[in-house]
Amino acid sequence: MLACLINEQGHAEITDVPVPRLRPGEVLIKLAAAGICGTDIEKIHGAYGPGGILGHEVSGTIASIGDQVTDLRESERVIAHHHVPCYTCHYCQQGDHTMCDLFRKTNFDPCGLAEYFRVPETNVTRGGVVRLPSDVSFEEGSMVEPTACCVRALSKAEVKPGDKVLVVGLGPTGLTQIQLLRKMGASTVIGVDILPHRLEMARKLGAGETIDSSSSDIPEHVAKLTRVGVDLAIVSTGNPKAIRPALASVRKGGKVLLFGAPAQGSTIDLDVSALLSRQVSLVTSYSCVESDIHSALGFLTRGDIDLRSMITHRFVLPDAPKALEHARTSRTTVKTIIVPKS
């Protein structure tokens, strides 16, 4: 079968590999759709360290099940989560499931960008394979995992009805957060980006105002719109340069949610005195767990969010390296999807 693997830093290629063999408790999934995440691109180019497993925004059908799997059936339409926590350690008991030592040790074999991938028993037994409702397409299903990450992040930020919120970075997750914020009752949602088509899409999906950061001063513009600043600023990009304007746009006593994953070793200069005197809180969020996936599916099946309209480009699996490079360099793409064949 075909799989897209990182063979050296800066280079991913399609490789012919054996179809994974199942052990007891495991599931083999035939890929139907896979979304490209910014972290996939960063893995290829070494921003998260050498190597890595590509593809975690996936949907498909169950091709086969291992012995001892009793609650899943062949041919069922599913989405799968690549990481699961143990649910028993100190971190899990505190609700910090994505900090669990087990969490990052679980993953697909050989990767999510493959014709077939094996879901380990650890993931299967902890609910990491979730049935896809019949009215949800495979492509929408592939976007449930990043949506779940947004759900978890906004829950950690404790969004309240009436909040004024700034979203810096209008990639797929920023656009998803805009939609979720509206459903959570935010009174004002402001989107920030430098690309015109993303600003336009943000307005269509619920942003009341947008700011082109290439030509406008973000804090100054926010001050004109809100007088005192926003209650919450979300940094939905991995570019650390976005943190400073987000901090400067928050009201006294407000919050900044760091959501986009920066490269390893990223730093910023921070006026700690101003942070303290203005009593601004920094909140961070990483990944999601199974309960967040079910919550995201709820938003989707109720029609509260539109994921389909964010898909701008599709590539077949043999062209996965081209798709990854397109997602990295294109100024017109929003969400790039990989499907097995045309």
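Binning all Cα-Cα separations of the chain at 20 Å, short to long from zero, yields these whole-percent fractions: 31, 58, 11, 0. Backbone phi angles across segment 35-40, fed through the Karplus curve with coefficients 6.51, -1.76 and 1.60 (θ = phi - 60°), yield HN-Hα couplings of x, 8, 9, x, 5, 4 Hz in residue order; Gly and Pro are listed as x. Expressed as a whole percent, the accessible area of segment 273-342 that falls on carbon and sulfur atoms is 51 (1.4 Å probe). Only residues of segment 275-302 count here: report those whose backbone N is under 15 Å from the spot 7 Å along Cα→Cβ of LYS252, or say none. Flagged as within label range: 275-281.
Convert 20 °C to kelvin, take the viscosity as 1.002 mPa s, use the Kirkwood radius over C-alpha pairs of segment 144-265 as Rh, and evaluate the Stokes-Einstein diffusion coefficient in µm²/s, rounded to a whole number.
Values: Rh = 13.9 Å.
Result for D is 155 µm²/s.
Roughly to the nearest percent, how much of the accessible area of segment 21-146 is carbon and sulfur, given a 1.4 Å probe? Can you show the working numbers first?
Values: 2400 of 5230 Å².
The computed percentage sits at 46.
Against the main long axis of the alpha-carbon atoms of the chain, helix 290-301 sits at an angle near 80°.
I want to make sure I understand the PRE zone here: with the label point 7 angstrom from the Cα of ASP304 toward its beta carbon, which residues in segment 175-199 have backbone N atoms less than 20 Å away? Inside the label zone: 175-190.
With all protein chains kept in place, the per residue accessible area of the chain amounts to 45 square angstrom at a probe of 1.4 angstrom. The modelled label-to-label distance between GLN93 and SER277, using points 7 Å beyond Cα along the C-beta direction, is 4.2 nm. Would you mind checking the pairs LYS105/LYS335; LYS252/LYS335; LYS183/LYS204; LYS160/LYS252 and listing those with alpha carbons more than 23 angstrom apart? Where the Cα-Cα span goes over 23 Å, the pairs concerned are LYS105/LYS335; LYS252/LYS335.
The values are calculated or read from the model by the stated rules, or taken from the named source; none is laboratory data. Every value quoted in this text rests on a predicted model; they were computed, and no experiment measured them. In this analysis, Cβ positions are derived from the backbone assuming ideal geometry, glycine residues included, and neighbour counts consider all displayed protein chains. These area figures cover heavy atoms from the full protein model, side chains too; ligands, DNA and RNA do not enter into them. Shrake-Rupley method; radii C 1.70, N 1.55, O 1.52, S 1.80 Å.
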